[in-house]
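K.L.:
Before I ask anything, here is the structure I am working with.
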Amino acid sequence: MAKAIVRRETSRGISGSERGFSLLEVVISMAILTIGLVSLLGVFGIAMAATQDSQQDMIAKQLADEAIESIVTARNTAQLQWSDIQNTSDGGIFLNGYQPIWQAGADGIMDTVDDSVGGVYQTLQEPGPDGLYNTADDVKIPLNNYQRQVQIQQVTDASGNVVASLRAINVTVRYNTPRLRQPKTYVLTSFISQFR
């Protein structure tokens, strides 16, 4: 007699390491990946905008430095008397309030009464495609987007007494950037002494 051999196939149990991903797990991981990539693109956008603003920020810093340096140089060369180093409202030669960035007038000092006579904005000259200054392809950027205010104030000691030989100079440069709707400002504060 022949015995019938019956083979039974048993399904082998699937362990956790052999299981695949479910559709839900794939969708969730894709969503997390998408959020991460969109955030990364946003950071790149912010970095690009900051790079574009950095040139204008640097120009504002230079304009403030230029104003302070012109005052100190005029004092050191005795071009100005101590009484001249004040705003016009206090009897000096420096204009009150925000002023356009004009070319310096006949006295060569920034933000004084004679600057607006010529009515010419200062320009920033950059080298052109050839990378050399003072060639025909140089780029000239007018600084009509900037305004500067020079405030010269008395300094007092701890008791509230005015120190006659010292003044505070606050230079504020206001400018607009394409990215922001409100003007940005750069403020530089320094002190100047009557003594050279």
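Any read-out appearing in this document is the output of simple, stated calculations on the displayed coordinates, not a laboratory observation. This is a predicted model, so every value here is computed, not measured. Reconstructed Cβ throughout: ideal geometry from the backbone, glycine too, with neighbour counts over all protein chains shown.
K.L.:
Please identify, among V139, V155, V27, the residue showing maximal mean-square fluctuation in a Gaussian network model of the chain using a 10 angstrom Cα cutoff.
P.N.:
V27
K.L.:
I would also like to ask the following. Among F21, F44, F94, which one shows the highest mean-square fluctuation when the chain is modelled as a Gaussian network with alpha-carbon springs under 10 Å?
P.N.:
F21
K.L.:
Over all directions, the average projected area of the alpha-carbon convex hull for the range 39-101 comes to how many nm²?
P.N.:
That works out to 6.1 nm², a quarter of the Cα hull's surface.
K.L.:
Any idea what the relative contact order of the chain is, in percent, if you count C-alpha pairs under 8 Å spaced at least 6 apart?
P.N.:
Once divided by the residue count of the chain, the mean separation gives 16 percent.
K.L.:
Okay, next question. What ³J(HN,Hα) values, in whole Hz, does the Karplus curve 6.51 cos²θ - 1.76 cosθ + 1.60 give for the range 101-114 when θ = phi - 60°, with x put for Gly and Pro?
P.N.:
Rounded to whole hertz, the list is 7, 7, 5, 4, x, 4, 7, x, 10, 5, 6, 10, 4, 8.
K.L.:
If you don't mind, there's one more thing I want to ask. Over the alpha-carbon set of the range 108-171, divide Rg by the Kirkwood Rh and report the Rg/Rh ratio to two decimals.
P.N.:
1.24
K.L.:
To continue, here is another question. State the percent of C-alpha pairs, over all pairs in the range 153-196, separated by a distance greater than 12 angstrom.
P.N.:
Everything past 12 Å amounts to 68 percent.
K.L.:
If one takes the longest principal axis of the Cα atoms in the chain, at what angle in degrees, from 0 to 90 and to the nearest 10, does the Cα axis of helix 23-76 lie?
P.N.:
Between the helix axis and the principal axis of the chain, the angle is about 10 degrees.
K.L.:
Rounded to whole Å and sorted largest first, what semi-axes of the equivalent ellipsoid does the C-alpha gyration tensor of the range 23-193 yield via the square root of 5 times each eigenvalue?
P.N.:
Each semi-axis is √(5λ); the values are 44, 24, 13 Å.
K.L.:
Taking H placed 1.01 Å from N in the peptide plane, check which residues at least 5 places from I93 or on another chain put their amide H under 5 Å from its amide H.
P.N.:
So I93 has HN proximity to Q86.
K.L.:
Next question, about the same structure. Roughly what % antiparallel, to the nearest 5, for the DSSP beta bridges in the chain?
P.N.:
Taking every DSSP beta bridge with both residues in the chain, the antiparallel ones total about 95 percent.
K.L.:
Which far-off residues, 5 or more places away or on another chain, put their amide H under 5 Å from the one on D138, with H placed in the peptide plane?
P.N.:
The answer is G128.
K.L.:
Also, quick follow-up: Please report R174, R179, R75, R148 as a ranked list, fewest other C-beta atoms within 10 angstrom at the top and most at the bottom.
P.N.:
R179, R174, R75, R148
K.L.:
Could you please state, rounded to a whole Å, how far the C-alpha centre of the range 67-130 is from the C-alpha centre of the range 166-196?
P.N.:
Spelled out, the Cα-based centre of one part sits 14 Å from the other.
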